[in-house]
Amino acid sequence: MNLSFLSPLMLSGLLLAVIPVLIHLISIRKAKVLKFPETRFLRLAVKRTQKKLKLLQLLLLLLRVLAIILLVLAFSRAVLNPPKYGASKKEEPAAAVLLLDCSYSMGAENGGKTAFDAAKESCLASLKVFRDEDRLAYCAFAENAKGGAGLDFDREKLSLGIKASKLTGLKTSLKAGLNFAYTALKESRSANKQIIIFTDAASHALNLASAAEIKDFDADVKVIIASAGIDGPNCGLTAVEPASSLPGRAGFTSTLKDFSGRGASAADLSLYFGGERKVFGKADIPPSGTSSKSLFFSAPEDKSLQGYAELACGDCLKADDRYYFAGKVKRKVNILLVDGDPKLSQFNSETFFLKTALSPEVSKDSGVVPSIVSPAGLLTLGLSGYKAVFLCNVEEILPEAERRLDAYMQSGGSLVFFPGDRVNIKAYSSISRSIFPAAIRKLSRGENAVNPLTALQDCGLFKRFDVFGLMKPGFYGNFDLAPAAGAKVLLAFRDSTPFLIEGGATYQGAGKVLLFAVPADRDLGDFPLKPVYLPFTKALVDYLCGVEEVSDKNGVKCGETYTREASGGRIKSATVLGPANTALSAEVSGGKVLVKDTSEPGLYKLSLVDAGGTKLTEYFGVNVDASSGESSLSRFWSEDLKAALKAKRVEFIKCGPGLPAELERIVRGKELSSLLLLAALVLLAAESFAAGRKL
Amino acid sequence: MQSIRPADLTSLRGLELKARSIVDGFLAGLHASPLKGASLDFAEHREYAAGDDLRKLDWKVLGSKDKLFIRQYREESTLTANILLDVSGSMNYSSPGLIKKNEYAANIAASLAYLMSLQHDRVGFLAFAEGVLTLLPPRAAHGQASAVIKAIEAQEPSGKTAVFKTLEAAGKLFRRRGLVILISDLYDSGGPEEAMKYLKYLASKGNDLIVFQVLDRSELGLELDEPFLFEGLEDKDDVILANPELIRHEYRRVMEEFIGYFAKECVKNGIDYRLLDNSASFSLPLRAYLARREKMLK
């Protein structure tokens, strides 16, 4: 039997034991002189009481010193340990599973040291608590528990395993760790089993409805939570979305969230590409709230971009301050406007409003370059340089023009028809439905307006602007269109006549064709004068041209499987490089590539070779799931775990220098504090009684 | 007039004034005057007989009734009293708020002297410590009380107590039998037995003895609440460290033994013994004296 102490520093209090002795000595030396008439009776009284007095004083001194020693030992939390196994064979070997939480919240820092570092140190230190005869197992866990082995005597192997553990971007799942631990302990026959979890005890990690969810659960196993949690402010990025931007410009809207209720003001938000900070701004985050911040910058068009947004607000958890994404920048778009009713004054021209909307004077870099030609231009102009051709009030489409437009569409170009007063209805009825997918019946007069509820839900056009804005324009006439087979009405008037028709795809890879029932100018309504006209036109161009945006939509959260579907054909091979340029496995299954090892946040590089031998390289971002609750840094407590797990003994201790002693107490020692405290109180009571006793 | 308490004496100046105040206050508190002496106490008339002193003839009765009657008085005797006052160093002590033992004793002695003078008793005074320091032989002369009081007033407490030596000396000095009043704390350097031995010796010579043992309250109970290095008032080298709280019980027992010894032995030997602490009323010793005097004169 020997004693160990959970708070050994308190042992310095043993020096206090000399206080009663000092007081005794000082009281002798510093007694006041009192002149007294006769000392002989005092002397006689002292003589008669001397023996008893000395005994009493000795007893009092002893009681006081002993009481102080016992109090100090009690506060030092003395633990009575049974003899080492070698000395006594009575105690059987223990079995323990050490679980190290490597979720991203363990990256919370305090004074330059992360919770993970502290937990790892404590985990290594805990090995010394166990004797050679004890069997141990170790596993790092987060959402899953991987790489753990069964119970073993080999401390060196365990030590190496612990040292090799790294932080991940995953969330914590206690269930995953406990499943491993109970299964590992099942093979041991020891009556002294424990699971020691080095974790920040993230509250959301307690994802247990009941102990029944744990495989091989054993209520007799002691569950010890070695808490490494760090309290502090935390804000993070929960999403980065592409902002509505123009071609040649990259724009991102970051969603910032405060998790700790403290908020942040004027936090730095930056966008990094290729390791270089491209743009930055300041953002305020309300306490326990969210805010968003959009940042824009010029980027070479059609260029692939991969980078990350970073928030710097001095919080304690950095893992959720960075958000990775990859994508492309929009290209500039050339649009050809064919004006069937040109006028000397451009204000009166059929294409005036359209041109103004596509390239507003105030925007020098709208990303759209409109060119205006007369219908004759259709016969001479090379169309391949244009992403779309808008035909406005063109009287008729000549056969040569029709042929050229057909070829243009096949090559991916898009057409938009705006009818007008100069349109020859008969001539239009004879052209190919692949170019003009409707028949114009007549020009109807009468007030009309768009019914936004008729908007085709899955049409990409309406996802780019608020379709209800189209209720405002008023029309006093429209062309009555009869959609051709395969064409679909994207939007209709209140009287159900089509407002906008889209032709069916005639060829694979062909461009789109759209038919409006109203002219491009103000001839039959005030649509061009309404505010909605500008965003509608911009959305129309985006929809037609199919321009790519820088986006993270193809990214995943840590732990999720990234899936890349081939656009056509099969994939021959695929390789993946992780954030640290480590080669990761990629499963190729038919036309899909699956990347499952996404535990680390960052940019992943995916290289594909399709069946035709074409090589393609892509990036995708993998980010921590800041919305999961992991970032909140809130904790569960002993009682929560007891309630969820129904284990007979659940202990909470803190990671740090005192952990081995605490652990020793729990694993095999008996803390004597309460006993010592009681004994000290008894001694003090005895001292009071003795001191008050009359001799 | 109320009897004067020891604490009230601080406002008075001069021992004689204090003694008068004490005695006047004491007398005023009595229902009848206890003063009796020569030619003062008329007892009865008796018919004149041949040989009677004509000066005792009651002329008023002769004038009114034409008969010769002699005025008879009670026994006419004056008392010789000696006051022995201890002025040793141990008397120079008091607890906080009380008057010193020597002052208390001086007031008793002075009051007694004054009272005695009122009764025309012969008053003698002897101050002592290790030996006799001052001696005023007993006289009934006018002004004797004042002389005694002045002698009392002149005493400064110092030196050791040697009651037995004083009593031995007194036995030789007092030629007439009378009343001997000893005012002392009785801390005799020879021990209580030695002091008692000479008290008996004095009594055996036909003296009546009254012993007033004057002690301070804290001497009796040792009511001190912290450890002290006690230094003897009569001998500075006599020191002892003691914690009153721890020895109080035993000390009281020792003191009870000491006081009890005197009380018991005095009773046994017909000596009037009174224990006085320095907060006790002055009427106590005066009453004791008067009682004893009356007893003596019967």
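Of all residues in the range A:20-29, which are open to solvent by 70 Å² or more (accessible area, probe 1.4 Å) and either at the interface with chain B (Cβ under 9 Å from one of its Cβ atoms) or at pLDDT 80 or above (or both)?
Once the filter is applied, which keeps residues that are open to solvent by 70 Å² or more (accessible area, probe 1.4 Å) and either at the interface with chain B (Cβ under 9 Å from one of its Cβ atoms) or at pLDDT 80 or above (or both), the range A:20-29 yields A:LEU22, A:ILE28.
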Tell me, which residue of the range B:177-209 that is free of Cβ contacts under 8 Å to residues at least 60 places away in the same chain and closer than 21 Å to B:LEU290 by Cα is surrounded by the fewest Cβ atoms within 10 Å (Cβ to Cβ)? B:GLY206
Residue under question is A:LEU481, and the condition is that it be surrounded by 14 or more Cβ atoms within 10 Å (Cβ to Cβ) and more than 42 Å from the chain's Cα centre (by Cα); does it hold? yes
Only unsatisfied item for B:VAL61, checking (1) assigned to a helix (DSSP H, G or I); (2) assigned by TED's automatic domain parsing to the domain that holds B:ASN278; (3) open to solvent by less than 40 Å² (accessible area, probe 1.4 Å), is (2)
Does the range A:151-182 hold any residues that are hydrophobic (A, V, I, L, M, F, W, C) and open to solvent by 50 Å² or more (accessible area, probe 1.4 Å), and which are they? A:PHE153, A:LEU160, A:ALA164, A:LEU167
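Please pick out the residue among A:THR598, A:THR582 that is in contact with a strand residue (DSSP E or B) (Cβ under 8 Å, 6 or more places away or on another chain), outside the structural domain of A:THR253 (by TED's automatic domain parsing) and at pLDDT 80 or above.
Within the list A:THR598, A:THR582, the selection yields A:THR598.
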State which residue is least open to solvent (accessible area, probe 1.4 Å) when the search covers only the range B:225-247 and only residues that are in contact (Cβ under 8 Å) with a residue 24 or more places away in the chain and more than 7 Å from every other protein chain (Cβ to nearest Cβ). B:GLU234
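Given the residues B:ARG252, B:ARG274, which is the only one that is within 14 Å of chain A (Cβ to nearest Cβ), open to solvent by 60 Å² or more (accessible area, probe 1.4 Å) and not in a loop (DSSP other than H, G, I, E, B)?
None of the others qualify; the one that does is B:ARG252.
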Determine which single condition B:GLY260 fails, assuming it passes every other condition in (1) in a helix (DSSP H, G or I); (2) surrounded by fewer than 16 Cβ atoms within 10 Å (Cβ to Cβ); (3) touching a residue at least 60 places away in the same chain (Cβ under 8 Å); (4) within 14 Å of chain A (Cβ to nearest Cβ). (3)
Would you say B:PHE212 is more than 9 Å from chain A (Cβ to nearest Cβ), among the aromatic types (Phe, Trp, Tyr), in a strand (DSSP E or B) and within 32 Å of the chain's Cα centre (by Cα)? yes
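Conditions (1) at pLDDT below 80; (2) at the interface with chain B (Cβ under 7 Å from one of its Cβ atoms); (3) open to solvent by less than 70 Å² (accessible area, probe 1.4 Å), marked per residue:
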position: A:LYS32; (1), (2), (3): no, yes, no
position: A:LEU42; (1), (2), (3): no, yes, yes
position: A:VAL46; (1), (2), (3): no, yes, yes
position: A:LEU58; (1), (2), (3): no, no, no
position: A:ARG64; (1), (2), (3): no, no, no
Are any residues in the range A:578-635 open to solvent by less than 50 Å² (accessible area, probe 1.4 Å) and among the basic types (Lys, Arg), and if so, which ones? A:ARG635
Selected residue (criterion: modelled with the lowest pLDDT) from residues of the range B:39-68 that are out of contact with any Lys or Arg (no Cβ under 7 Å at 6 or more places or on another chain) and among the aromatic types (Phe, Trp, Tyr): B:TYR48
Identify, please: which residue in the range A:319-358 is within 30 Å of A:ASP258 (Cβ to Cβ) and in contact with a Ser or Thr (Cβ under 9 Å, 6 or more places away or on another chain) and is, among those, most open to solvent (accessible area, probe 1.4 Å)? A:ALA319
Flag if A:SER126 is open to solvent by less than 10 Å² (accessible area, probe 1.4 Å) and either farther than 22 Å from A:ALA319 by Cα or not β-branched (Val, Ile, Thr) (or both): yes
Residues that are open to solvent by less than 40 Å² (accessible area, probe 1.4 Å) and either modelled with pLDDT under 85 or over 12 Å from A:ILE225 (Cβ atoms) (or both), drawn from the range A:183-200: A:ALA184, A:LEU185, A:SER188, A:SER190, A:ASN192, A:LYS193
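The values are calculated or read from the model by the stated rules, or taken from the named source; none is laboratory data. This one's a predicted model, so the numbers in the text were calculated from it and none came from an experiment. Because the Cβ atoms are built from the backbone with ideal geometry, glycine has one as well, and the counts that use them run over all protein chains shown. Keep in mind that these areas ignore ligands, DNA and RNA; they rest on the heavy atoms of the full protein, side chains included. Shrake-Rupley method; radii C 1.70, N 1.55, O 1.52, S 1.80 Å.
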